1. In the stretch 53-70, which residues are farther than 30 Å from Arg131 by Cβ and touching a strand residue (DSSP E or B) at 6+ places or on another chain (Cβ under 6 Å)?
2. In the stretch 45-84, what count of residues is obtained for those that are among the aliphatic types (A, V, I, L, M) and farther than 21 Å from Val108 by Cα?
3. Find all pairs meeting these conditions: Cβ atoms under 8 angstrom apart; at least six residues apart or on different chains; first residue within the stretch 63-77 and surrounded by fewer than 18 Cβ atoms within 10 Å (Cβ to Cβ); second residue in a loop (DSSP other than H, G, I, E, B) and among the aliphatic types (A, V, I, L, M).
4. Can you list residue pairs whose Cβ atoms sit under 8 Å apart, with the first residue in the stretch 80-94 being part of a helix (DSSP H, G or I) and the second being small (Gly, Ala, Ser)? Count only pairs 6 or more apart in sequence or on different chains.
5. Checking the condition assigned to a strand (DSSP E or B), of a type in the set (A, V, I, L, M) and farther than 19 Å from Asn114 by Cβ, which residue from Ile70, Ile50, Ile41 passes?
6. Restricting the stretch 141-167 to residues that are touching a Lys or Arg at 6+ places or on another chain (Cβ under 8 Å) and not aliphatic (A, V, I, L, M), which is surrounded by the most Cβ atoms within 10 Å (Cβ to Cβ)?
7. Pick out the one residue from Gln104, Gln173, Gln138, Gln116 that is farther than 20 Å from Gly23 by Cβ, polar (S, T, N, Q), loosely packed, with under 11 Cβ neighbours inside 10 Å and in contact (Cβ under 8 Å) with a residue 40 or more places away in the chain.
8. Restricting to the stretch 29-43, what's the tally of residues that are surrounded by fewer than 14 Cβ atoms within 10 Å (Cβ to Cβ) and closer than 14 Å to Phe152 by Cα?
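Values in this text are rule-based calculations from the coordinates and carry no lab data. Not measured: the values here are computed from a predicted model. With ideal geometry, Cβ positions are generated from the backbone for all residues, glycine too; neighbour counts draw on all protein chains shown.
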Amino acid sequence: MSSTTNIVVGLAATGTLKAAAYGAAESTAADLGFIKGGITIEHEETSYDIKVDQVLGTVDKITTDEGLKIKFSLAECTLPNLALALGYPEPAGGASAFDFGGKQTTPVNTLFANVQGPNGKTRRYTFWRCRPNGKTAQVYKRDGETLIDIEFDVLADVSKDPSKRFGRIEDLQA
């Protein structure tokens, strides 16, 4: 049955987007602050068409690849947020600078997104293993906010059951 309470509008007021070291609990995650333009979660699946001589057309499809991307724009242009976007560890507490270039590895993070859910609930997305994919931009302009655009690839967490390797979506009580 249809219900207008299932129509979701808006984001959570606070704690919308958090990042932690891979495997850490949400309670230890850093709140990334204000975002602008929402959070985009893109799921992509590649499949192989099974065809046989006796039938004109595809008789079945088998999934051969699956991917997930998380995209958002941070409105708080802090050094820790810039480090996250560029794929570097967070600068030491209170640091006024961090150096970058020539990195050998990129930290993997766990991301938490807390958004409005149906029926007044909070919907929590947990993405186990996320890595910035190198697509980031900051535009400093005279007539608008400087945003940090970030795109993360969600990597399969092979320590999890195969049906749970990207993450979890939960509707929490209001």
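1. Thr58, Val59, Asp60
2. Residues in the stretch 45-84 being among the aliphatic types (A, V, I, L, M) and farther than 21 Å from Val108 by Cα: 7 in total.
3. Ala75/Leu147; Glu76/Leu32; Cys77/Leu147
4. Sorted first by the residue in the stretch 80-94, then by its partner, the pairs are Pro80/Ala30; Asn81/Gly33; Leu84/Ala19.
5. Ile50
6. Looking at the filtered set, the residue picked out is Phe152.
7. Matching residue, one of Gln104, Gln173, Gln138, Gln116: Gln173.
8. Qualifying residue count for the region: 3.
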